[in-house]
Number of protein chains: 2
Amino acid sequence: MIRITVIGSGNVAQHLIKAFTKSDLVEIVQVFSRKKEVLSSLIGFEKIVSAFEDLKEADLYIIAVSDKAISEVSKQLPFQNRIVVHTSGTASLAVLDVKNRNGVFYPLQTFSKTKEVDFSTVPICLEAENPYDYRVLETVAKSISTAVYPINSEQRKALHVSAVFVNNFTNHLYQIGQEICEEHQVPFAILKPLIQETAEKVKTLNPIDAQTGPAKRNDSTTIEAHLAYLTNEKQKNIYTILTQSIQNNDKKL
Amino acid sequence: MIRITVIGSGNVAQHLIKAFTKSDLVEIVQVFSRKKEVLSSLIGFEKIVSAFEDLKEADLYIIAVSDKAISEVSKQLPFQNRIVVHTSGTASLAVLDVKNRNGVFYPLQTFSKTKEVDFSTVPICLEAENPYDYRVLETVAKSISTAVYPINSEQRKALHVSAVFVNNFTNHLYQIGQEICEEHQVPFAILKPLIQETAEKVKTLNPIDAQTGPAKRNDSTTIEAHLAYLTNEKQKNIYTILTQSIQNNDKKL
């Protein structure tokens, strides 16, 4: 059994606690949280501590707190030479205090409080300072997920920026689609199967090969009709810049 | 049995022929195509005609050709006062020759030749000039799909523009995500579960409520770090304009 302590009580911490609880290979020693109530349904009350000096020995400490708090939390840990990781997509390994053996345990998924996540398909990106520590992280990650990757801090930045495009920005395009529908009394539900199919296609096709639509076809009549139809300047700008970007694809080839 | 003739041999025509063949409520009388070979695996050779004068009587003629050919094809039809529809998201009902009773039968999905589509979940948007003809279209549509909607020409434009945002543009964001990953030797596969989850969330959450990320959080440190990390001007522009658009959301509320 690998003995783990989780530090934090937010979204990521809670989803990790749930996933570890189901695993036979790891054991949660303690959870550090200033707000004990938040975790009451997830873990025995006696395992929740809110003072750093109450932290017991563990094989791995996972700091799952907001990016800006990671460094300070790592400084406060009252021990050294143990494996300490954070779960951030943006923070580098170097933000952790050097007194411990540091690493990163970054689950790349969008977690919301209201929606259950099947952790077994969540990619976990790992980084460690030495091969032994990496092995420990890998064992822990594989106990909850089938998709485990070695990713260094530089690569993790690429992943995080890419995630902003495929998740945050994509979701915003869904919102614009909904706005246009509602402005014209059309149920947004009509578009939901298309949204699913668009995501489904990328499982088997390269996005560039799956591209369709007026921009791809250089169908300027439709593009102009769409721009004339849109009443909102923000939407027109986004339409224009993404259309140009798709059209520039073909020039590159 | 409702007797249908399909005019065209492209993607939409082929998917419709496949779907109608499985239905017990409709019968395909003929398919009009200049290229008989394309359809040889889908329908008996004797049912394929390539001269308009060979078209037999049917209850419904579905013109599934490119937008710019619809009008000309409808003019060439050697009969009048029958139900004739097109399958376009952009063309209005008025492009069809007035000698027939016109309508629209628009399946809103992204069809590709290589990927099977489950037609039962494809929304079909219908428009007709009178209630009787609408009833015929509705019966046909419901024989292949569970999602059938009355949508007039003006509403259909809204749907088509929205579809460009949620399908064409979203797919392009996937492509940019892939480009950033590949530039930094990161497997794009790591992002695929996130893409699926993003689409999955919109089934139950409003996009505006599902929004996460640095733009939503007004996390200017991360936004600046991302812009500094991106090496491509096109990507920087798209990042900037979509970030601003997400940030403007909150101002509206």
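The values are calculated or read from the model by the stated rules, or taken from the named source; none is laboratory data. Note that this is a predicted model, so its numbers are computed, not measured. Neighbour counts are summed over all protein chains in view; Cβ atoms, including those assigned to glycine, are modelled from backbone coordinates with ideal geometry. When the accessible area is computed, the model is the full protein with side chains, heavy atoms only, and any ligands, DNA or RNA have been set aside. Shrake-Rupley method; radii C 1.70, N 1.55, O 1.52, S 1.80 Å.
Within the stretch B:99-144, the set of residues being surrounded by fewer than 20 Cβ atoms within 10 Å (Cβ to Cβ) and of a type in the set (Ser, Thr, Tyr) comprises B:Ser112, B:Thr114, B:Ser120, B:Thr121, B:Tyr132, B:Tyr134, B:Thr139, B:Ser143.
Here B:Val95 fulfils each of the conditions (1) touching a Lys or Arg at 6+ places or on another chain (Cβ under 7 Å); (2) modelled with pLDDT of 95 or more apart from (1). Checked against (1) under 17 Å from A:Val140 (Cβ atoms); (2) open to solvent by 10 Å² or more (accessible area, probe 1.4 Å), A:Ala94 passes all but condition (1). With respect to the conditions (1) open to solvent by 30 Å² or more (accessible area, probe 1.4 Å); (2) under 21 Å from the mean Cα position of the chain (by Cα); (3) touching a residue at least 12 places away in the same chain (Cβ under 8 Å), A:Gln80 falls short on a single one, namely (2). For A:Ser162, the stated conditions hold: it is open to solvent by less than 30 Å² (accessible area, probe 1.4 Å) and farther than 29 Å from B:Gln155 by Cβ. One residue alone among A:Ser220, A:Ser245 is more than 29 Å from the chain's Cα centre (by Cα) and either surrounded by fewer than 23 Cβ atoms within 10 Å (Cβ to Cβ) or within 27 Å of B:Asp118 (Cβ to Cβ) (or both), and that residue is A:Ser220.
For the criterion of being without any contact (Cβ under 8 Å) to a residue 60 or more places away in the chain and facing another protein chain (nearest Cβ under 7 Å), B:Thr221 fails. Looking at the stretch B:188-200 only, could you name the residues that are out of contact with any Phe, Trp or Tyr (no Cβ under 7 Å at 6 or more places or on another chain) and at the interface with chain A (Cβ under 7 Å from one of its Cβ atoms)? Hits for the stretch B:188-200 are B:Leu191, B:Lys192, B:Pro193, B:Leu194, B:Gln196, B:Glu197, B:Thr198, B:Ala199.
Counting only residues that are open to solvent by 10 Å² or more (accessible area, probe 1.4 Å) and on the phi < 0 side of the Ramachandran plot, which one in the stretch A:172-187 is nearest to the other protein chains (Cβ to nearest Cβ)? Taking the candidates together, the pick is A:His184. When the criteria are applied in full, B:Ile241 meets the requirement of being within 7 Å of chain A (Cβ to nearest Cβ) and hydrophobic (A, V, I, L, M, F, W, C).
Scanning the stretch A:191-219 for residues that are touching a helix residue (DSSP H, G or I) at 6+ places or on another chain (Cβ under 6 Å) and in a helix (DSSP H, G or I) gives A:Leu191, A:Pro193, A:Leu194, A:Ile195, A:Gln196, A:Thr198, A:Ala199, A:Lys201, A:Pro207, A:Ile208, A:Ala210. The set of residues in the stretch A:145-159 being open to solvent by 10 Å² or more (accessible area, probe 1.4 Å) and of a type in the set (S, T, N, Q) consists of A:Thr146, A:Asn152, A:Ser153, A:Gln155.
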